[in-house]
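Colleague: Here it is, the structure, as structure tokens.
The values are calculated or read from the model by the stated rules, or taken from the named source; none is laboratory data. The structure displayed is predicted, hence computed values, not measured ones. Note that we place each Cβ from the backbone using ideal geometry, even for glycine, and neighbour counts take in every protein chain shown.
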Amino acid sequence: MKRALITGITGQDGSYLAEFLLEKGYRVYGLVRRSSVGNLKRIKHLEKDLRLIPGDLTDQNSLIAALVEARPDEVYNLAAQSFVGVSWQQPVLTAQVTALGVTRMLEAIRTVNPRIRFFQASSSEMFGRVQETPQSEKTPFYPRSPYGVAKVYGHYITVNYRESYGLFACSGILFNHESPRRGLEFVTRKVSDGVARIKLGLASELRLGNLDSRRDWGYAGDYVQAMWQMLQQDEPDDYVIATGETHSVRELVEIAFSHAGLDWQKYVVVDPRLYRPAEVDLLQGDYSKARSKLGWEPRVSFPELVRMMVDADLARWEKILRQGVPEDTVREKGKP
Ligand code: NDP
Ligand code: GDR
């Protein structure tokens, strides 16, 4: 039985990857940080099958202890301060977790067992102010946020440990990927949740920032499969994982509202306070290397993804309303 350790198992991708690896017959360990309010919601349905180890990417010894306990064949490093917006407010924390956390895990692997295969979740945010379109593994980086800068560090330290120590270390340059399990602060989920609340009479408007920025949005369930495939190759390498399509936030909004039978122009308020200090205007990935070397293809189209998310949030809010809901959950939320 193969063994895997997932950092960030309580996040969107961690929960899908855990399901995927369990189905493949892996023994799955997850690194979780202690939370006073509970952070296991996304993996509650897997509770009996997972082995959770307390730890934190900022605590070197906890990573070594996790590797000693889990004895993994593969480590998937999905943990990060992953919200771009907050990275301007917490730039040092973002660097500690999203950048230096990668080195801490690589050092732990080198210390405990250098034969462990390692996956790093790198990001299309590294391309930032894009130097060419579409972006491939060869496109130069120009990050535009403290998060993007931290991810560039994480990417290069992964490449460097591969080249310096011969570790089987891969970096997946992941473009945006979403699902009904996406955090509510990210724009796709903010929109699907907002549409559901407006449709059910729980909100009267949705405040958004830049509607013109364009992203290459795929489905998270497809992307975790690519992570696993990278670690099954004969040689470690880096791969762009994307859909090859680009859509604006405005298109996202149009599809989401019209799926619920609503005219978005009546509800969406553009709020300049939600604009970012520096924006990434356009992302569109070229995943031809992943297609030819891994045989990987995205399976869920953009409109299908948006509709899936709106349907899930409508069902979620209908259930909350049926079961009775505390007043503060229903009230309009402010700025993210
Ligand atoms: P989420 O924000 O949903 O999950 C982040 C995870 O990291 C959570 O489990 C969180 O734990 C954990 N975490 C945060 N800080 C620490 C820490 N100090 N020590 C240990 N764990 C920590 O992210 P996603 O699932 O969307 O993304 C997974 C990875 O992929 C991230 O690295 C992200 O940057 C990267 N990525 C994601 C993309 C996307 O579109 N989703 C695209 C490109 C890259 P807790 O639950 O306790 O908060
Ligand atoms: P991103 O995702 O920054 O691409 O990072 P996000 O969904 O936060 O923003 C996408 C685009 O939408 C614009 N936008 C808004 N964004 C948010 N969050 N809230 C709003 O109200 C809003 N209005 C407009 C943003 O300006 C931006 O242009 C995600 C994360 O998952 C990262 O961890 C990951 O590395 C990258 O994707 C690839």
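Colleague: Please report, ordered by residue number, the strands (runs of 3 or more DSSP E) entirely within the stretch 1-54 with at least 2 residues that are in contact with a Pro (Cβ under 8 Å, 6 or more places away or on another chain).
Modeller: Correct list: 3-7, 27-32.
Colleague: Let me ask something additional. Scan the stretch 108-136 residue by residue and report those that are among the acidic types (Asp, Glu) and surrounded by fewer than 16 Cβ atoms within 10 Å (Cβ to Cβ).
Modeller: Hit for the stretch 108-136 is 132, nothing else.
Colleague: Could you list all residues from the stretch 109-129 that are over 18 Å from residue 157 (Cα atoms) and either in contact with a Gly (Cβ under 6 Å, 6 or more places away or on another chain) or at pLDDT below 95 (or both)?
Modeller: 128
Colleague: Could you tell me whether residue 265 is in the same structural domain as residue 13 (by TED's automatic domain parsing) and either surrounded by fewer than 18 Cβ atoms within 10 Å (Cβ to Cβ) or basic (Lys, Arg) (or both)?
Modeller: Taking the combined requirement at face value, the residue does not satisfy it.
Colleague: If I ask for residues that are assigned to a loop (DSSP other than H, G, I, E, B) and within 18 Å of residue 123 (Cβ to Cβ), which ones from the stretch 278-323 would you list? Outline the logic, then answer.
Modeller: Step one: list which residues in the stretch 278-323 are assigned to a loop (DSSP other than H, G, I, E, B), which gives 278-281, 283-284, 286-287, 295-301.
Selection gives 278, 279, 280, 281, 283, 284, 286, 287, 296, 298.
Colleague: Name the residues in the stretch 55-97 that are more than 21 Å from residue 182 (Cα to Cα), among the aliphatic types (A, V, I, L, M) and part of a helix (DSSP H, G or I), would you?
Modeller: Of everything in the stretch 55-97, those that are more than 21 Å from residue 182 (Cα to Cα), among the aliphatic types (A, V, I, L, M) and part of a helix (DSSP H, G or I) turn out to be 63, 64, 65, 66, 67, 68, 70, 92, 93, 95.
Colleague: Go through 82, 87 for me and flag whichever is closer than 30 Å to residue 299 by Cβ and either surrounded by 21 or more Cβ atoms within 10 Å (Cβ to Cβ) or touching a Lys or Arg at 6+ places or on another chain (Cβ under 7 Å) (or both).
Modeller: Values: 87 fails: closer than 30 Å to residue 299 by Cβ.
Exactly one of 82, 87 is closer than 30 Å to residue 299 by Cβ and either surrounded by 21 or more Cβ atoms within 10 Å (Cβ to Cβ) or touching a Lys or Arg at 6+ places or on another chain (Cβ under 7 Å) (or both), namely 82.
Okay, residues lined up against (1) of a type in the set (Phe, Trp, Tyr); (2) within 11 Å of ligand 1 (Cβ to nearest atom); (3) within 16 Å of the chain's Cα centre (by Cα); (4) outside the structural domain of residue 26 (by TED's automatic domain parsing):
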{"site": "57", "(1), (2), (3), (4)": "no, yes, no, no"}
{"site": "64", "(1), (2), (3), (4)": "no, no, no, no"}
{"site": "74", "(1), (2), (3), (4)": "no, no, no, no"}
{"site": "84", "(1), (2), (3), (4)": "no, yes, yes, no"}
{"site": "91", "(1), (2), (3), (4)": "no, no, no, no"}
{"site": "94", "(1), (2), (3), (4)": "no, yes, yes, no"}
{"site": "106", "(1), (2), (3), (4)": "no, no, no, no"}
{"site": "110", "(1), (2), (3), (4)": "no, no, no, no"}
{"site": "125", "(1), (2), (3), (4)": "no, yes, yes, no"}
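Colleague: Need the failing condition index for residue 102 against (1) among the β-branched types (Val, Ile, Thr); (2) over 21 Å from residue 150 (Cβ atoms); (3) under 16 Å from the mean Cα position of the chain (by Cα), just the number.
Modeller: Failing condition for residue 102: (2).
Colleague: Which count do you get for residues in the stretch 252-278 that are closer than 23 Å to residue 314 by Cβ and under 21 Å from the mean Cα position of the chain (by Cα)?
Modeller: Qualifying residue count for the region: 3.
Colleague: From 212, 222, 193, grab the single residue that is more than 10 Å from ligand 1 (Cβ to nearest atom) and closer than 23 Å to residue 76 by Cα.
Modeller: 222
Colleague: Next up: Check off (1) surrounded by 24 or more Cβ atoms within 10 Å (Cβ to Cβ); (2) within 16 Å of ligand 2 (Cβ to nearest atom); (3) closer than 25 Å to residue 225 by Cα; (4) not hydrophobic (A, V, I, L, M, F, W, C) for residue 153 and give me the number that stays unchecked.
Modeller: All conditions are met except number (1).
Colleague: Scanning the stretch 131-159 for residues that are more than 16 Å from the chain's Cα centre (by Cα) and of a type in the set (A, V, I, L, M, F, W, C), which turns out nearest to residue 98 (Cα to Cα)?
Modeller: 149
Colleague: Let me ask something else. Could you please find all residues in the stretch 199-245 being of a type in the set (A, V, I, L, M), assigned to a loop (DSSP other than H, G, I, E, B) and either surrounded by 21 or more Cβ atoms within 10 Å (Cβ to Cβ) or within 12 Å of ligand 2 (Cβ to nearest atom) (or both)?
Modeller: Scanning the stretch 199-245 gives 211, 242.
Colleague: Please pick out the residue among 158, 188 that is assigned by TED's automatic domain parsing to the domain that holds residue 306 and either within 14 Å of ligand 1 (Cβ to nearest atom) or part of a strand (DSSP E or B) (or both).
Modeller: Going through 158, 188 in turn, just one is assigned by TED's automatic domain parsing to the domain that holds residue 306 and either within 14 Å of ligand 1 (Cβ to nearest atom) or part of a strand (DSSP E or B) (or both): 188.
Colleague: Just to be sure, is residue 59 within 26 Å of residue 100 (Cβ to Cβ), of a type in the set (Asp, Glu) and out of contact with any Phe, Trp or Tyr (no Cβ under 6 Å at 6 or more places or on another chain)?
Modeller: It is true that residue 59 is within 26 Å of residue 100 (Cβ to Cβ), of a type in the set (Asp, Glu) and out of contact with any Phe, Trp or Tyr (no Cβ under 6 Å at 6 or more places or on another chain).
Colleague: So which residues in the stretch 271-287 are farther than 14 Å from residue 128 by Cβ and surrounded by fewer than 15 Cβ atoms within 10 Å (Cβ to Cβ), if there are any at all?
Modeller: Matches in the stretch 271-287: 271, 272, 273, 275.
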